[in-house]
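The values are calculated or read from the model by the stated rules, or taken from the named source; none is laboratory data. All of these numbers come straight from a predicted model, not from anything done at the bench. No Cβ is skipped: glycine too gets one built from the backbone with ideal geometry, and neighbour counts run over all protein chains shown.
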Amino acid sequence: MFKNYLITAWRNIIKNGIFSLINISGLALGLMSCILIMLFVREETGFDKWLTDSDRIVRMHSAYYNPDNPPFLTVRSAGNMMEAVRDYAKNEVEDGVRLIRFGASVRKDDSALAEQVTFVDGSFFNIFDLSFVHGSKESSFKKPNDLVITEETAIKYFGKTDVIGEVMTVCCVGPEPSTVAVSGVIENLPDASHLDLDMIVYIDPVIVENNSGLNTWTSVNVYTYFKMRPGISLEQFQQRLTYWIDNESPFVQMFEENFGELAADAKISDNMRHKLMYLEDLHLRAREDAGNMGDLSPMGDKTLIITFSIVAALILLIACINFMNLSTARVSHRAREVAMRKVLGASRGQVAVQFLGEAIVIVLISLILALALVELLLPLYNQALGRQLELSLFSDLKLVFALLGLGLLIGLGAGSYPAIFLSGFQPGHLLRSSKGAESKTSSSLRLILVVVQFATSITLVVCTAVIYAQTQYAQSVDVGYVSEDKLVLNIRGAGDNRQRLRHELLKLPEISSVVYSSESPTQDNENNNQFTLLDGEHVVGENPQVLLNYHDMGYGFFEAYKVKPLAGRLFSEDFGSDEIKQDSDGQNGQLSASVILNESALRKFGFTSPQQAIGKTLESGNYKGQALTIIGIVPDIYFRSIKFGVRPTAYTMNTNRLRVASLTFSTNNVAALMEKVESIWKQTVPMQPIELQFLDEMMKAQYAEESIQLKMFSVFSLLAIVIACLGLYGLASFTTERRTREIGIRKVMGASVKDIVALLIWQFSKPVIIANLIAWPISIYAMLIWLESFSYRIDILWLGPICLVVGGSLLLVAWATVGGNAAKVARANPIKALRQE
Amino acid sequence: MLKLHNLCRMYRTDEVETVALNNVNIEIQKGEFVAIMGPSGCGKSTLLNLIGMLDSPSSGQYIFNDEDISSYSEKQLSAVRKHHIGFIFQNFNLIEELTVAENIELALLYHNIPAAERKEKVLAVMDMVGVAHRGKHMPSQLSGGQQQRVAVARAVVGNQGLILADEPTGNLDSAHGQEVMEMLRSLNQQGSTIVMVTHSPAHADYANRTINLFDGAVVTQSVRAA
Ligand SMILES: Nc1ncnc2c1ncn2[C@@H]1O[C@H](COP(=O)(O)OP(=O)(O)OP(=O)(O)O)[C@@H](O)[C@H]1O
Ligand SMILES: [Mg+2]
């Protein structure tokens, strides 16, 4: 019996060649899109779940609230917190660890490479139970400066993994290079981990003790993780932590000293939040707590994952609708077959099972095709995403079953309607009717489904178009400085050779200037400090105390970037008084230096014109007692991606903080220039890896994430349209076939070919137009919400034209899809059609 | 009104060549009621289609209203057709998705007539053929005779002077057949030229001339005294 069904199913698939083809290819494309997206979603949602006890590990995020400023959010916390919390919450917490990461240059023998080195407490492996290839949890991290590396790193430096006892040098973190010895080699971490570790060093407690970045209650630099005791929930631990902050922590005293008694209903934890988050949630949810700063690895985006899951579901829906529509449209062709089967004694159930069987066979064929397509496209997809997603069908039974289940579900879902519909016919009615059993409801249901398909595709395309427009706009906004002719060179490792390096570089004819700064554009760290407006000893002005972002720069920085002052002057050697004085220069309190503000900072202090601020004095929390004279006002420039907007900023000249050089060049042969710069670097700064980049490329890299999302959106919405049009084509050829007699009659009545084509095209324009009317408000609403998150966004009036253009184009596509067939039918001689019974 | 001169129509399929009409010469005057008879497959429908310009002759001349239309393009034929010729078919050929009134209106739809005027004309002919109260019904809700009356209404609504009917009574019982024949006669009396194919001698008696076809050629023509 079952075999009989399979045979009939197969024959029917063959017999209805073109429609089976449309059905199968549409479904295969839909399933392919769905599988590709789901692979991505699966990886994104599975981050860190593979770690032992991952459900007991939490990280502590900090947030500081300040009435005058936006809250300062970060996924890091203060260096002193971990030990204090661990010791206090003994019942909740098993152990804790701090991570702090530095870009460092790592030397081994004659080679020096730039690396991200993670310094950790000795308890690291108590929290993160990573697998060792050589050495063990117990034998590693016996003493400070013990190093654990991944297999990959071991191979990179030593060509083998068995490297315990080998020694390397880590530079540029502490004042002196430190010698580290390999005490263990761990397996490479999977991509699906937010930790992203290559080299882990047991940080010297002595360094911690003396390092103001680590031994602190107020400066947040470290990533703090705790492993909770079994059975303890995050909420319990969170409660304990909050209680401690409010009642027992050193903050209680600090608050009292700074602000006096707290109001009765106020809590310290309201001003200073310490929020715990499960390890498993970090990849997708850390963004909520991250503010303007990053994490150990690029953060995932929960909204994006949800969005893409929805896209996958929608594409599948479109493909399923094709399937349903084409099957029911075929009814008139198969009505007689059904009738005859029933006359010969088949029950309704048997007929239904036959149709379901056919549906499932088609879905399974599509699924196999889809898997082949996924296999084929995966390398390309991975390249675009920057991932290593795999379709491991043979090792991943769960995936196989999930896919088979999905196939079966689609088969049943999409096949049940035609099955119920067809099997329910009265045979007498079927055999009598000249037109088959096509009822009005079934054909209007088909049109509704087409509307759904096109509304979905149009929404996807409009969203893609808006995202594209916004991305283009964001990149085209004038950042306020010239970036095309800049190379950015990291000079942190250059030390005393800095001046010689600059001298040598300037000898190159291609290079016209070399200027220093603490950060280059795009590298903006969240460096905030309190600045106070002073008149002598007195605090003055409307808003005397303001939290400002600050950068340091050397002479000529603004000139090189072609930023002109709005008032006053830029830093200049001629005055000799601009530099921040170091403590050793003299007594605090009698020193003076210069500061330049941007327009936002100017407004923040309440000045109404740039001129007004010139000559006024500021004091910075960093340089207490040092009078900073405002010498100039510069326009707001986007030091960072325009995603983050412009922050009120103070520019000072602390020569100790200058870490990057910007090289202004002009050449047609950039490769040769890069080589020349590199060779100068090698001569002047031996044993240091060079970090040299084009500023333009650094700026583009800021939009890498968006550009990937955009690519995905474009490809998948294009696929959605292709699938929808496949269905429309099938449906159109069916209906025109069904309408040949009507067309014949109309022609006899005097309709021209043009009239007929217009008639048929209108039939299919209607659903597309209705789809537009549904899709526009939905996509406009969605895009308004999306655009809200950008400080600089396209004028929302653009949404209208975008909708119109997308809707119009899709209408044209639909016409093209339907038109060819319609013209053919319209040109046919009507006699034949009229003779047909 | 129309004149066929040495008209031939051949059908060529892959191997066989069928001569459906062979040197047919017929002249039909305005106001005539002509019946065409003959055995099945002798070419009656082919002849009617040629007269109705739904088909083109393989050779020969076709003069319609003093104009040689043999060389007309499809577009020109369509224009002549929609203004001068109405069709009635054995299987009615009503569009099942449209109501009775809409089916009749179809014949005016491609004539550039304002909607209000169209409606008026449709109501008038519906009244004339006696389906006025059925305007909103679907064709499938009517009996065969009623459907054919709708088809007649559709054939005349555009004031077409020539009505071509291919076995209009073929699908009807004798009572309904009679009804349709009476209607055609009254149309003829009002000035319409009618060419009708029929297998029924009784119905052929309604005509004032009968043309007998055999194997694609005219064998006899008999004229009845009015
Ligand atoms: N499209 C066609 N292709 C090939 N041969 C055709 C075609 N149409 C008609 N014929 C042939 O031409 C001849 C005349 O056909 P026609 O339909 O005019 O006959 P008829 O007199 O109307 O018959 P009936 O009384 O059965 O309706 C027949 O032999 C028929 O087989
Ligand atoms: Mg015939």
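A:Ile35 satisfies every condition listed in (1) modelled with pLDDT of 90 or more; (2) farther than 15 Å from A:Asp281 by Cβ; (3) more than 20 Å from the chain's Cα centre (by Cα) except (3).
Number of residues in the stretch B:43-65 that are assigned to a loop (DSSP other than H, G, I, E, B), away from ligand 1 (no atom under 16 Å from the Cβ) and over 25 Å from A:Met749 (Cβ atoms) equals 0. Restricted to the stretch B:166-177, and to residues there that are among the small types (Gly, Ala, Ser) and more than 13 Å from chain A (Cβ to nearest Cβ), the residue that is nearest to ligand 2 (Cβ to nearest atom) is B:Gly177. Tell me whether the stretch A:100-114 contains one or more residues that are out of contact with any Asp or Glu (no Cβ under 8 Å at 6 or more places or on another chain), at negative phi and aromatic (Phe, Trp, Tyr). Yes: the stretch A:100-114 contains one or more residues that are out of contact with any Asp or Glu (no Cβ under 8 Å at 6 or more places or on another chain), at negative phi and aromatic (Phe, Trp, Tyr). Taking (1) within 10 Å of the chain's Cα centre (by Cα); (2) more than 16 Å from ligand 2 (Cβ to nearest atom) in turn, B:Val180 satisfies each apart from (1).
Taken over the stretch A:201-219, the criterion of being surrounded by fewer than 22 Cβ atoms within 10 Å (Cβ to Cβ) and at pLDDT 80 or above is satisfied by A:Asp204, A:Leu214, A:Asn215, A:Thr216, A:Trp217, A:Thr218, A:Ser219.
Annotation note: of A:Val685, A:Val677, A:Val670, the sole residue that is surrounded by fewer than 19 Cβ atoms within 10 Å (Cβ to Cβ) and more than 14 Å from chain B (Cβ to nearest Cβ) is A:Val670. If the condition is being within 16 Å of ligand 2 (Cβ to nearest atom) and crowded, with 19+ Cβ neighbours inside 10 Å, then the stretch B:1-33 contributes B:Arg9, B:Ala20, B:Leu21, B:Val24.
For residues that are more than 14 Å from chain A (Cβ to nearest Cβ) and surrounded by 20 or more Cβ atoms within 10 Å (Cβ to Cβ), scanning just the stretch B:189-200, find the one that is farthest from ligand 1 (Cβ to nearest atom). Out of the qualifying residues, it is B:Ser192.
Taking the criterion of being over 30 Å from the mean Cα position of the chain (by Cα), in a helix (DSSP H, G or I) and of a type in the set (D, E, K, R), the residues of the stretch A:197-252 that qualify are A:Glu209, A:Arg240, A:Asp246. Scanning the stretch B:64-88 for residues being more than 11 Å from every other protein chain (Cβ to nearest Cβ) and touching a residue at least 60 places away in the same chain (Cβ under 8 Å) gives a total of 2.
A single member of A:Asp281, A:Asp265 is free of Cβ contacts under 8 Å to residues at least 60 places away in the same chain and closer than 29 Å to A:Gly103 by Cβ, and it is A:Asp281.
For (1) away from chain B (no Cβ under 14 Å); (2) surrounded by 14 or more Cβ atoms within 10 Å (Cβ to Cβ), each residue gets a yes or a no:
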| position | (1), (2) |
| --- | --- |
| A:Ile778 | yes, yes |
| A:Ala782 | yes, yes |
| A:Leu797 | yes, no |
| A:Ile802 | yes, yes |
| A:Val806 | yes, yes |
| A:Thr817 | yes, yes |
| A:Val825 | yes, yes |
| A:Ala828 | no, yes |
| A:Lys832 | no, no |
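Listed here are the residues, each with its yes/no results for (1) modelled with pLDDT under 85; (2) in contact with a Gly (Cβ under 9 Å, 6 or more places away or on another chain); (3) under 30 Å from B:Gln29 (Cβ atoms); (4) not aromatic (Phe, Trp, Tyr).
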residue: B:Ser56; (1), (2), (3), (4): no, no, yes, yes
residue: B:Ser59; (1), (2), (3), (4): no, no, yes, yes
residue: B:Ile63; (1), (2), (3), (4): no, no, yes, yes
residue: B:Lys75; (1), (2), (3), (4): yes, no, yes, yes
residue: B:Leu94; (1), (2), (3), (4): no, no, no, yes
residue: B:Glu97; (1), (2), (3), (4): yes, no, no, yes
residue: B:Leu108; (1), (2), (3), (4): no, yes, yes, yes
residue: B:Ile113; (1), (2), (3), (4): no, yes, yes, yes
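Assess whether B:Ala115 counts as being surrounded by fewer than 16 Cβ atoms within 10 Å (Cβ to Cβ) and over 20 Å from A:Ala826 (Cα atoms). Yes. Within the stretch A:727-764, take every residue that is within 14 Å of chain B (Cβ to nearest Cβ) and within 44 Å of the chain's Cα centre (by Cα) and give me the one that is surrounded by the fewest Cβ atoms within 10 Å (Cβ to Cβ). Result: A:Trp762.
Among the residues of the stretch A:79-86, is any assigned by TED's automatic domain parsing to the domain that holds A:Leu241, in a helix (DSSP H, G or I) and without any contact (Cβ under 8 Å) to a residue 12 or more places away in the chain? Looking through the stretch A:79-86, none of the residues is assigned by TED's automatic domain parsing to the domain that holds A:Leu241, in a helix (DSSP H, G or I) and without any contact (Cβ under 8 Å) to a residue 12 or more places away in the chain. Counting the residues of the stretch A:465-503 that are part of a loop (DSSP other than H, G, I, E, B), touching a Phe, Trp or Tyr at 6+ places or on another chain (Cβ under 8 Å) and not hydroxyl-bearing (Ser, Thr, Tyr) gives 6.
When B:Thr210 is tested against (1) touching a Lys or Arg at 6+ places or on another chain (Cβ under 8 Å); (2) modelled with pLDDT under 90, only condition (2) is not met. Out of everything in the stretch B:10-42 that is within 13 Å of ligand 1 (Cβ to nearest atom), in a strand (DSSP E or B) and free of Cβ contacts under 8 Å to residues at least 60 places away in the same chain, what residue ends up being farthest from the other protein chains (Cβ to nearest Cβ)? It comes out as B:Glu17.
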